[in-house]
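S.K.: Input: one structure, supplied below.
The values are calculated or read from the model by the stated rules, or taken from the named source; none is laboratory data. Just so it is clear, the model here is predicted, and its values are computed rather than measured. Quick reminder, even Gly has a Cβ in these numbers, built from the backbone with ideal geometry, and neighbours come from all protein chains shown. Calculation scope for accessible area: heavy atoms of the full protein, side chains included, ligands and nucleic acids excluded. Shrake-Rupley method; radii C 1.70, N 1.55, O 1.52, S 1.80 Å.
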Amino acid sequence: MRSLRTALIQQTCSNDKDATLGKTCAMIRRAVADGALLVVLQELHAGPYFCQVEDPDLFDMAETIPGADSRVIAGLAGELGVVIVASLFERRAPGLYHNTAVVFENDGSTAGVYRKMHIPDDPGFYEKFYFTPGDLGFNPVKTSVGTLGVLVCWDQWYPEAARLMALAGADLLIYPTAIGWDPADSTAEQERQRDAWITVQRGHAVANGLPLLAVNRVGFEPSPLHPETGIKFWGSSFAAGPQGELLAEASRENEEILLVDLDLGRSETVRRIWPFLRDRRIDAYGDLLKRYRD
């Protein structure tokens with residue numbers, strides 16, 4: 001058994017960037033005090049989910065890497081001796097921006113970077129306006145606590161992304177996320193959406209024999225254009241084991257530090273009895289490179 005205590009930071013965000021980041025840092029400190037060696041933050045944790053509208057002025061929120069926000073998180077990782085997965089709005093060049101996850105090693109150095117590959121464009125989630133699709137591929141990040149298969153939010157609906165991380169040697173799958181309901185949706189529709197979100201990710205854990213962490217934000221964030229509308233982020237951050245078993249789950253309503261002890265040795269045991277990687281018919285999957293089999 002190789003146990004790894006992990007903390008999932010589920011929080012609300014506001015337009016007060018300093019206050020939001022300060023709260024994040026305080027929650028990281030509490031998690032480390034409780035023994036966490038790996039801390040995972042939610043998607044775009046430094047502020048509100050701005051993609052509810054298309055506004056060119058909001059590009060001013062982006063920063064280079066390294067930048068002010070990433071230096072704060074990197075400094076905290078080094079001070080506390082913890083690995084941190086952060087999620088930032090990256091300014092790569094004028095007119096070129098990414099939704100980027102950065103993994104900081106426990107000495108404060110940058111262990112690796114992942115740029116979100118799948119970019120949605122739905123009502124209230126206008127991410128294609130802001131983010132260029134990632135160009136770094138699906139490559140896990142090697143750290144002192146293991147090899148981390150970091151993906152971001154919309155990536156979580158694509159089994160190909162999880163599989164490629166597994167095939168590259170990931171020890172676990174990690175999804176910083178910002179997903180919620182339109183409050184106008186029926187209760188039944190809201191439940192279907194949340195259940196689908198949990199189910200598909202547990203399926204990735206099963207199909208690849210890997211533990212999985214999904215970290216979501218929580219609370220209502222009004223639309224900048226129509227404050228009476230917005231997104232109710234459903235929280236529900238969770239950890240699953242390599243057979244999809246739920247190890248821990250956060251609430252739908254509250255900020256929370258979700259602590260979970262992962263047994264990274266179980267993947268070996270599970271993959272011996274369910275050798276999905278062995279039995280893949282890689283000679284027959286060529287059409288997966290097509291958009292559709294007309």
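S.K.: Tally up the residues in segment 192-203 that are touching a residue at least 12 places away in the same chain (Cβ under 8 Å) and open to solvent by 10 Å² or more (accessible area, probe 1.4 Å), please.
M.R.: Number satisfying all stated conditions: 6.
S.K.: Every residue in segment 10-25 that is farther than 22 Å from GLY230 by Cβ and in contact (Cβ under 8 Å) with a residue 12 or more places away in the chain, please.
M.R.: Correct list: CYS25 only.
S.K.: Still on this structure, please answer the following. Give segment 176-191 a look and list any residue that's without any contact (Cβ under 8 Å) to a residue 12 or more places away in the chain and either of a type in the set (D, E, K, R) or assigned to a strand (DSSP E or B) (or both), or say none.
M.R.: ASP185, GLU189, GLU191, listed by residue number.
S.K.: Something else about it: Restricting attention to segment 162-209, report how many residues are more than 21 Å from GLY146 (Cα to Cα), at pLDDT 95 or above and among the aromatic types (Phe, Trp, Tyr).
M.R.: 1
S.K.: Any chance segment 144-153 includes a residue that's outside any loop (DSSP other than H, G, I, E, B), surrounded by fewer than 21 Cβ atoms within 10 Å (Cβ to Cβ) and not small (Gly, Ala, Ser)?
M.R.: Yes, there is a match, as at least one residue in segment 144-153 is outside any loop (DSSP other than H, G, I, E, B), surrounded by fewer than 21 Cβ atoms within 10 Å (Cβ to Cβ) and not small (Gly, Ala, Ser).
S.K.: Next question. Scanning segment 256-294 for residues that are assigned to a helix (DSSP H, G or I) and among the β-branched types (Val, Ile, Thr), which turns out farthest from PRO242 (Cα to Cα)?
M.R.: ILE282
S.K.: Could I ask something else about it? Would you check which residues across segment 243-255 are of a type in the set (A, V, I, L, M) and part of a loop (DSSP other than H, G, I, E, B) and list them?
M.R.: Result: ALA250, single match.
S.K.: Now for a separate question. Within 18 Å of VAL39 (Cα to Cα) and either among the hydroxyl-bearing types (Ser, Thr, Tyr) or crowded, with 20+ Cβ neighbours inside 10 Å (or both) - does that describe any residue in segment 218-225?
M.R.: Yes, segment 218-225 contains at least one residue that is within 18 Å of VAL39 (Cα to Cα) and either among the hydroxyl-bearing types (Ser, Thr, Tyr) or crowded, with 20+ Cβ neighbours inside 10 Å (or both).
S.K.: Which residues, counting only those in segment 1-20, are touching a helix residue (DSSP H, G or I) at 6+ places or on another chain (Cβ under 7 Å) and either open to solvent by 10 Å² or more (accessible area, probe 1.4 Å) or not aliphatic (A, V, I, L, M) (or both)?
M.R.: Selection gives GLN11, CYS13, SER14.
S.K.: Go through the residues of segment 182-189 one by one and say whether even a single one is open to solvent by less than 40 Å² (accessible area, probe 1.4 Å) and either in contact with a Gly (Cβ under 8 Å, 6 or more places away or on another chain) or within 18 Å of GLN10 (Cβ to Cβ) (or both).
M.R.: No, every residue in segment 182-189 fails to be open to solvent by less than 40 Å² (accessible area, probe 1.4 Å) and either in contact with a Gly (Cβ under 8 Å, 6 or more places away or on another chain) or within 18 Å of GLN10 (Cβ to Cβ) (or both).
S.K.: While we're looking at this one, here's another question. Identify all residues within segment 204-215 that are in contact with a helix residue (DSSP H, G or I) (Cβ under 8 Å, 6 or more places away or on another chain), crowded, with 24+ Cβ neighbours inside 10 Å and not in a loop (DSSP other than H, G, I, E, B); write none if there are none.
M.R.: HIS204, ASN208, LEU212, ALA214 - these are the residues of segment 204-215 that are in contact with a helix residue (DSSP H, G or I) (Cβ under 8 Å, 6 or more places away or on another chain), crowded, with 24+ Cβ neighbours inside 10 Å and not in a loop (DSSP other than H, G, I, E, B).
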